[in-house]
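Have a look at the structure below before the remarks.
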Amino acid sequence: MTKVAFIGAGKIGQTIAFNVIMGGYVDEAIIYDIIPELPEKFEHELRHALASRKLKTEVLGTNNIDDVSGSDIVVITAGKPRKPGMSRRDLFVDNAKIMIDLADKIAKKNRGAIYIMVANPVDMMASVFMKYSGEYTISTGDQVETMRMRSYLAKKLKVPVYDINGYVGGEHGEDAVVLWSTVTVKGKPFTEEMGVSKSEVEDYVKKIPGEIIRVMGGTTWGPGTIIEEIVRAIALNENKVMSIAFPHKYEDEVIHVSEPVVVGKTIGPSLEPLLDEKDRWHLMASIKDFYSVYKENLKQLEESISAK
Ligand SMILES: NC(=O)c1ccc[n+]([C@@H]2O[C@H](COP(=O)([O-])OP(=O)(O)OC[C@H]3O[C@@H](n4cnc5c(N)ncnc54)[C@H](O)[C@@H]3O)[C@@H](O)[C@H]2O)c1
């Protein structure tokens, strides 16, 4: 019996919820948003789709946060999306205020759930939510970049995408790094002699989301499918290796940075010890950078809250 809650029913929230619910492996789903009637009408849409697929998943769309209770998995997409030209980190203060409010309202009614953060800046929002709720939180992190990297290599090298393996790590977004020591093509370690340069792949992974946002107004289908796989891995205890951001204790904070890790009902162990020295150095640099930006952002957040 698996119950999943979706907090936020905007573009990405709807896409993830649709994919998860149509997967047929969830017994109950609750969809919550603050926009009047939106979750309720989305519930009707889902019921129609479920009828067509002959699935008996129980779905509730609601504007009442008290309905969000007893969940095993909580997927949080509530928050502002970035506009063209904005960085994910620009959303920190506004979206962190939403996370603090949600931590207060939903954590006590869903104790022991795994919380999956999607709202940006996603890794920092996971750290904020965990800090204020005390609940185990992961971020979808670089699993999205990982699939962008694999898809680009497959297209360039003209091989099926399932012949490409490997991961992207570090903070989700502009600072994510391809963990080249993990990348293989048809089981062989990647080399530039295969016909594509590392910098070209890195450039694609960094720039493509901004380009999609500029033209399509947001990224949905890619992340919506990739994030469904994270939910599925947890719900079905698949123990699959994914590059998601999970809690790391660093200095005086718990922070979230992605590295390949086994994902099931519990998260871990990490594959970080198997990376080469260069990739491990990149991850450590990314943890240090995350920590200093995060501390600075927390300061701004506190100033903004106390200025009210
Ligand atoms: N992690 C990823 O890979 C990834 C991918 C795509 C989008 N995102 C992020 O997800 C977030 C949502 O993006 P979107 O395109 O769906 O935006 P959107 O504007 O379409 O949807 C956001 C939804 O959140 C709701 N919301 C706001 N405050 C809320 C609250 N307190 N409680 C419940 N619902 C609330 C809004 O009413 C809206 O329906 C953004 O921060 C975006 O950057 C992350």
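The values are calculated or read from the model by the stated rules, or taken from the named source; none is laboratory data. The shown structure was predicted, so the numbers you read here are calculated from the model rather than taken from an experiment. When we count neighbours, we look across all protein chains shown, and the Cβ atoms used for this are built from the backbone with ideal geometry, even at glycine. Please note that ligands, DNA and RNA were not included when accessible areas were found on the heavy atoms of the full protein model with its side chains. Shrake-Rupley method; radii C 1.70, N 1.55, O 1.52, S 1.80 Å.
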Is there a residue in the stretch 129-150 that is more than 17 Å from G224 (Cβ to Cβ), touching a residue at least 60 places away in the same chain (Cβ under 8 Å) and surrounded by fewer than 23 Cβ atoms within 10 Å (Cβ to Cβ)?
yes
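If we scan the stretch 33-41, do we find a residue that is under 19 Å from the mean Cα position of the chain (by Cα) and near the ligand (Cβ under 10 Å from one of its atoms)? Please lay out each step first, then the result.
Kept after step one, since they are under 19 Å from the mean Cα position of the chain (by Cα), are these residues of the stretch 33-41: 33.
Imposing the further condition that a residue be near the ligand (Cβ under 10 Å from one of its atoms) reduces the set to 33.
Yes, the stretch 33-41 has at least one match.
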Yes/no for E135 being at pLDDT 95 or above, among the acidic types (D, E) and over 17 Å from P247 (Cβ atoms):
no
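Of the residues T182, T146, which is within 28 Å of A285 (Cα to Cα), in contact with a Phe, Trp or Tyr (Cβ under 8 Å, 6 or more places away or on another chain) and assigned to a helix (DSSP H, G or I)? If you could, list the steps in order and put the result at the bottom.
Details: T182 fails: assigned to a helix (DSSP H, G or I).
From the options T182, T146, the qualifying one is T146.
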Being more than 8 Å from the ligand (Cβ to nearest atom), open to solvent by 10 Å² or more (accessible area, probe 1.4 Å) and outside any helix (DSSP H, G or I) is the filter here, so list the residues in the stretch 95-119 that pass it.
R111, G112, I114
Quick one: count up the residues across the stretch 20-46 that are among the charged types (D, E, K, R) and within 19 Å of E228 (Cβ to Cβ).
5
Pairs only if they're at least six apart or on different chains, beta carbon under 6 angstrom, first in the stretch 92-109 and at negative phi and modelled with pLDDT of 95 or more, second of a type in the set (F, W, Y) and part of a helix (DSSP H, G or I); list them, first residue then second.
M99/F129; I100/Y132; A103/F129; A103/Y132
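Return yes or no: is G264 in contact with a Phe, Trp or Tyr (Cβ under 9 Å, 6 or more places away or on another chain) and touching a residue at least 12 places away in the same chain (Cβ under 8 Å)? Talk me through it step by step, then tell me what you get.
On the way: in contact with a Phe, Trp or Tyr (Cβ under 9 Å, 6 or more places away or on another chain): no; touching a residue at least 12 places away in the same chain (Cβ under 8 Å): yes.
No; evaluated as a whole, the condition is false for this residue.
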Counting only residues that are open to solvent by less than 30 Å² (accessible area, probe 1.4 Å) and closer than 15 Å to Y167 by Cα, give me the strands (runs of 3 or more DSSP E) lying completely in the stretch 226-289 with at least 3 of them.
240-250, 253-263
I'm checking my understanding of the structure. Among residues of the stretch 67-85 that are open to solvent by 60 Å² or more (accessible area, probe 1.4 Å) and more than 8 Å from the ligand (Cβ to nearest atom), which one is nearest to V215 (Cα to Cα)?
P84
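State yes or no: is I213 in contact (Cβ under 8 Å) with a residue 24 or more places away in the chain and surrounded by 15 or more Cβ atoms within 10 Å (Cβ to Cβ)? Can you show your working first?
On the way: in contact (Cβ under 8 Å) with a residue 24 or more places away in the chain: yes; surrounded by 15 or more Cβ atoms within 10 Å (Cβ to Cβ): yes.
Judged against the criteria, I213 is a match.
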Lone unmet requirement of (1) outside any strand (DSSP E or B); (2) open to solvent by 20 Å² or more (accessible area, probe 1.4 Å) for V26:
(2)
Boolean, V201 is in contact with a strand residue (DSSP E or B) (Cβ under 8 Å, 6 or more places away or on another chain) and surrounded by fewer than 16 Cβ atoms within 10 Å (Cβ to Cβ)
no
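I'd like the full set of residues that are more than 13 Å from the ligand (Cβ to nearest atom) and β-branched (V, I, T), limited to the stretch 207-230. I'd like the intermediate steps shown before the answer.
Narrowing the stretch 207-230 to residues more than 13 Å from the ligand (Cβ to nearest atom): 207, 211, 214-215.
Result: V215, single match.
Any idea how many residues of the stretch 14-23 are open to solvent by 40 Å² or more (accessible area, probe 1.4 Å) and within 12 Å of the ligand (Cβ to nearest atom)? Please lay out each step first, then the result.
First pass over the stretch 14-23, keeping only residues open to solvent by 40 Å² or more (accessible area, probe 1.4 Å): 14, 18-19.
The next check asks that each one be within 12 Å of the ligand (Cβ to nearest atom); those that pass are 14.
Final tally of qualifying residues: 1.
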